[in-house]
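Okay, so here's the structure we're looking at.
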């Protein structure tokens, strides 16, 4: 059903679980997996922006490429962007004709046991991406993270 999947990462431990979900989904659908990491708006000269992008690409590669190769998956692309994260994410999804975006709920530690859920648990990036995305957005809830399930 999905042939192009876009996974947005902030490179936190929480994103590891979301990545696993996106990778399995890509493998099950024989889909291409785009991995996007946004740096935000950088107030740097062009050379420093290029250096920041190279460093971020190395971090993304270190975090995910080995795991993909170990599972026999090689249909992926890594995209690093500077500028407004949601705008760049939406632009990438639109220009690449992505079928599905996969995101988590926040860069903060997911809801602690007993914590109120009335504190905007989606996070700013995910909330805005829902409004601007040119395709469906799948949000992986904290309850799918091992050790955080309730009940």
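The values are calculated or read from the model by the stated rules, or taken from the named source; none is laboratory data. None of the values given here were measured: they were computed from a predicted structure. Cβ coordinates were reconstructed from backbone atoms using ideal geometry, including for glycine residues, and neighbour counts include every protein chain displayed.
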**Fill in**
Scanning region 61-84 residue by residue, those within 16 Å of the chain's Cα centre (by Cα) and assigned to a helix (DSSP H, G or I) turn out to be 61, 62, 63, 64, 65, 67, 68
**Message:** Whether any residue in region 70-84 is over 19 Å from residue 130 (Cβ atoms), without any contact (Cβ under 8 Å) to a residue 24 or more places away in the chain and surrounded by 13 or more Cβ atoms within 10 Å (Cβ to Cβ) is what I want to check.
**Reply:** no
**Complete:** If we ask which residues in region 85-121 are modelled with pLDDT of 95 or more, in a loop (DSSP other than H, G, I, E, B) and out of contact with any helix residue (DSSP H, G or I) (no Cβ under 9 Å at 6 or more places or on another chain), their number turns out to be 2
**Prompt:** If you take the residues in region 28-39 that are surrounded by 12 or more Cβ atoms within 10 Å (Cβ to Cβ) and out of contact with any strand residue (DSSP E or B) (no Cβ under 6 Å at 6 or more places or on another chain), which one is farthest from residue 76 (Cα to Cα)?
**Reply:** 39
**Message:** For region 48-60, check the following and say yes or no: at least one residue is crowded, with 16+ Cβ neighbours inside 10 Å, closer than 14 Å to residue 101 by Cβ and within 12 Å of the chain's Cα centre (by Cα).
**Reply:** no
**Request:** Would you point out the residue of region 10-38, among those that are in a loop (DSSP other than H, G, I, E, B) and modelled with pLDDT of 95 or more, that is nearest to residue 136 (Cα to Cα)?
**Result:** 31
**Request:** Confirm whether residue 126 is surrounded by 15 or more Cβ atoms within 10 Å (Cβ to Cβ), at pLDDT below 95, outside any helix (DSSP H, G or I) and under 13 Å from the mean Cα position of the chain (by Cα).
**Result:** no
